[in-house]
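The values are calculated or read from the model by the stated rules, or taken from the named source; none is laboratory data. None of these values were measured; they are calculated from a predicted model. All Cβ positions, even for glycine, are placed from backbone atoms using ideal geometry, and neighbour counts span all protein chains on display. Calculation scope for accessible area: heavy atoms of the full protein, side chains included, ligands and nucleic acids excluded. Shrake-Rupley method; radii C 1.70, N 1.55, O 1.52, S 1.80 Å.
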Amino acid sequence: QVQLVESGGDLVQPGGSLRLSCVASGFIFKSYRMSWYRQTPGKEREMVAHILTTGSANYAESVKGRFTISRDNAKETVYLQMNNLESEDTAVYYCHVPTLKIWGQGTQVTVSS
């Protein structure tokens, strides 16, 4: 069964850090580009970052320099390290495999004092 399970979301103060994890199963993880998206109520889901099988990564302008995406193929896990968090980063964060069109269930990140 193809599955993505996110974790790591939490309530954090502005300027704080979080690391999200997404554990994959049911497909050959190392062969696929992986992405993180986020969504807030009333808005479309937006791409935050993606990482290729080579390890090359791209980011949305709004998170460049603050977020880092990485992958551990042995653990079949993709991470999103989020530093210097801002209130505008508050959202549900989703793991996504574009080629397979699969999504995780999402993890809530709330940035608030």
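From the list Ser25, Ser35, Ser21, the one residue that fits, being farther than 11 Å from Val78 by Cβ and not β-branched (Val, Ile, Thr), is Ser25.
Residues that are among the small types (Gly, Ala, Ser) and closer than 13 Å to Arg33 by Cα within region 56-92 comprise Ser56, Ala57, Ser70, listed in sequence order.
Regarding Asn73, is this residue touching a residue at least 24 places away in the same chain (Cβ under 8 Å) and open to solvent by 60 Å² or more (accessible area, probe 1.4 Å)? Please lay out each step first, then the result.
On the way: touching a residue at least 24 places away in the same chain (Cβ under 8 Å): yes; open to solvent by 60 Å² or more (accessible area, probe 1.4 Å): yes.
Here the answer is yes, as Asn73 does meet what is asked.
Of everything in region 22-58, what is hydroxyl-bearing (Ser, Thr, Tyr) and either more than 19 Å from Lys101 (Cα to Cα) or modelled with pLDDT under 95 (or both)? Give them in sequence order. Hits for region 22-58 are Thr40, Thr54, Ser56.
For region 80-97, how many residues are open to solvent by 30 Å² or more (accessible area, probe 1.4 Å) and in contact (Cβ under 8 Å) with a residue 40 or more places away in the chain? Spell out how you get there, then give the answer.
So the first thing to find is which residues in region 80-97 are open to solvent by 30 Å² or more (accessible area, probe 1.4 Å), and the list is 81, 83-84, 86-88, 90, 92, 94.
Filter once more, keeping what is in contact (Cβ under 8 Å) with a residue 40 or more places away in the chain: 81, 83-84, 86-87, 90, 92, 94.
Within region 80-97, residues that are open to solvent by 30 Å² or more (accessible area, probe 1.4 Å) and in contact (Cβ under 8 Å) with a residue 40 or more places away in the chain number 8.
Restricting the search to region 56-70, which residues are part of a loop (DSSP other than H, G, I, E, B), open to solvent by 70 Å² or more (accessible area, probe 1.4 Å) and either on the phi < 0 side of the Ramachandran plot or in contact (Cβ under 8 Å) with a residue 24 or more places away in the chain (or both)? Within region 56-70, Glu61, Lys64 qualify.
Selection within region 1-55: residues that are part of a strand (DSSP E or B) and hydroxyl-bearing (Ser, Thr, Tyr). The member of this set that is least open to solvent (accessible area, probe 1.4 Å) is Ser35.
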